[in-house]
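> Here it is, the structure in full.
The values are calculated or read from the model by the stated rules, or taken from the named source; none is laboratory data. Note that the structure is a prediction, hence the values are computed from the model and not measured. Positions of Cβ are backbone-derived with ideal geometry, glycine not excepted, and every protein chain shown enters the neighbour counts. Please note that ligands, DNA and RNA were not included when accessible areas were found on the heavy atoms of the full protein model with its side chains. Shrake-Rupley method; radii C 1.70, N 1.55, O 1.52, S 1.80 Å.
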Amino acid sequence: TTAVQVFTTFVVAALPTLALRAAATVGLEPHMVGYQVSIIYASAAVLSVYSGLVVRRLGACAASMIALATGIAGLVAISTGTLAGIVLGSLVLGAGYGLPGPAAAHLFMRYAPLGRRNLIFSVKQSGMPLGVALASILLPSLSERIGWQCALLASTLFLLMILVLLLSRRRRWDDDRSPMPVAATRAFAGVGAVLADPVLRVIGGIGLCYGGYQMCVIAFTVTMLVKEFGWTLIEAGMLAGAMQIGGVAGRIGFSLLADATSAGLAILCAV
């Protein structure tokens, strides 16, 4: 689940990391990459309401495989270097981006010890900053050697490798999938449950603010350092990667504290 999280986040961070190179090809300003990130997350927000149904119907392992497959397809479309390809690829990336979370949660409920779930969940969530770090460190150097489009195509091999490895796990991990289709009308039940619960509404609002902040940092740090401060693309990528490594340490450290104190809300406020 951590590897799936790493590489589904990697594909989201890929174009922002290479925005300066891609913008020259497409004929747009680098800051326009913010719209590409918005397309990904708009697609993910709309389609993620069905992610729980996909996990229940096909299984958590199959849902993870679908997420990786959409990541591969999205990168291939973006690597065409056309505006239409970037828009289409971003929509495809978003379609799969909502699946790893529910799939991992489903597996954790089956396999994770109750007293260690905060830690285990945070290790999985560390895949998000690790994915951004990997994209920030790897792709600028690779693009200098083979071009940004070929760098994206080459990175699909990582996703393909994890997808193939998951094939051997599917029979065991998906043995609890529902053989009957679940009514699509229940897809928005989770949204209603969040809105109806005051605590979940607050946590959802905090998540919205944190998520927006995180994506601004991911989308614009490299472009800002290169265009406004004169860093090289590789130097900017290394710094962006270092920031995300700090994010890994924070996620795991705070989860250990939450497990030890059972004071998750207080720790969240402190963060």
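> Tell me, yes or no, whether the range 38-51 has at least one residue that is open to solvent by 60 Å² or more (accessible area, probe 1.4 Å), farther than 15 Å from VAL11 by Cβ, polar (S, T, N, Q) and assigned to a helix (DSSP H, G or I).
Taking the range 38-51 as the starting set, the residues that turn out to be open to solvent by 60 Å² or more (accessible area, probe 1.4 Å) are 38, 41, 45-47, 50.
In the following step, the residues that additionally are farther than 15 Å from VAL11 by Cβ were identified as 38, 45-47, 50.
When the remaining residues are screened for being polar (S, T, N, Q), the result is 38.
When the remaining residues are screened for being assigned to a helix (DSSP H, G or I), the result is 38.
Within the range 38-51, one or more residues are open to solvent by 60 Å² or more (accessible area, probe 1.4 Å), farther than 15 Å from VAL11 by Cβ, polar (S, T, N, Q) and assigned to a helix (DSSP H, G or I).
> Within the range 190-199, restricting attention to residues that are open to solvent by less than 70 Å² (accessible area, probe 1.4 Å) and free of Cβ contacts under 8 Å to residues at least 60 places away in the same chain, which residue is nearest to VAL248 (Cα to Cα)?
For the range 190-199, the residue satisfying everything is VAL194.
> When the range 166-224 is examined, which residues are found to be among the polar types (S, T, N, Q) and modelled with pLDDT under 80? Show your work before the answer.
If we filter the range 166-224 for residues that are among the polar types (S, T, N, Q), which is where we start, we get 168, 178, 185, 214, 221, 223.
Once the filter is applied, which keeps residues that are among the polar types (S, T, N, Q) and modelled with pLDDT under 80, the range 166-224 yields SER178, THR185.
> Do you know which residues across the range 13-35 are of a type outside the set (A, V, I, L, M), under 15 Å from ILE218 (Cβ atoms) and either modelled with pLDDT under 85 or surrounded by fewer than 16 Cβ atoms within 10 Å (Cβ to Cβ) (or both)? Full working, then the answer.
From the range 13-35, those of a type outside the set (A, V, I, L, M) are 16-17, 21, 25, 27, 29-31, 34-35; that's our starting set.
Now restrict to residues that are under 15 Å from ILE218 (Cβ atoms): 16-17, 30-31, 34-35.
Answer for the range 13-35, where residues must be of a type outside the set (A, V, I, L, M), under 15 Å from ILE218 (Cβ atoms) and either modelled with pLDDT under 85 or surrounded by fewer than 16 Cβ atoms within 10 Å (Cβ to Cβ) (or both): PRO30, HIS31, GLY34, TYR35.
> How many of the residues in the range 65-84 are assigned to a helix (DSSP H, G or I) and either in contact with a His (Cβ under 7 Å, 6 or more places away or on another chain) or open to solvent by 10 Å² or more (accessible area, probe 1.4 Å) (or both)? Before the answer, list the steps.
Here is the first cut: in the range 65-84, the ones assigned to a helix (DSSP H, G or I) are 65-78, 83-84.
Right, trim to either in contact with a His (Cβ under 7 Å, 6 or more places away or on another chain) or open to solvent by 10 Å² or more (accessible area, probe 1.4 Å) (or both) and you get 65-66, 69-70, 72-73, 76-77, 83-84.
Of the residues in that region, 10 qualify.
> So which of GLY101, GLY115 ends up being closer than 27 Å to THR261 by Cβ and either open to solvent by 40 Å² or more (accessible area, probe 1.4 Å) or in a loop (DSSP other than H, G, I, E, B) (or both)?
Every option except GLY115 fails the conditions.
> Return yes when ARG56 is in a helix (DSSP H, G or I) and either under 22 Å from SER155 (Cβ atoms) or in contact with a Lys or Arg (Cβ under 8 Å, 6 or more places away or on another chain) (or both) and no when it is not.
On the way: in a helix (DSSP H, G or I): yes; either under 22 Å from SER155 (Cβ atoms) or in contact with a Lys or Arg (Cβ under 8 Å, 6 or more places away or on another chain) (or both): yes.
Answer is yes for this residue.
> Determine which single condition PHE220 fails, assuming it passes every other condition in (1) over 21 Å from PHE10 (Cα atoms); (2) open to solvent by 70 Å² or more (accessible area, probe 1.4 Å).
(1)
> Scanning for something touching a residue at least 24 places away in the same chain (Cβ under 8 Å) and touching a Phe, Trp or Tyr at 6+ places or on another chain (Cβ under 7 Å), does the range 81-92 turn up at least one residue?
Looking for residues that are touching a residue at least 24 places away in the same chain (Cβ under 8 Å) and touching a Phe, Trp or Tyr at 6+ places or on another chain (Cβ under 7 Å), one finds none in the range 81-92, hence no.
> In the range 228-244, what residues are surrounded by 15 or more Cβ atoms within 10 Å (Cβ to Cβ) and farther than 17 Å from LEU18 by Cβ?
MET243
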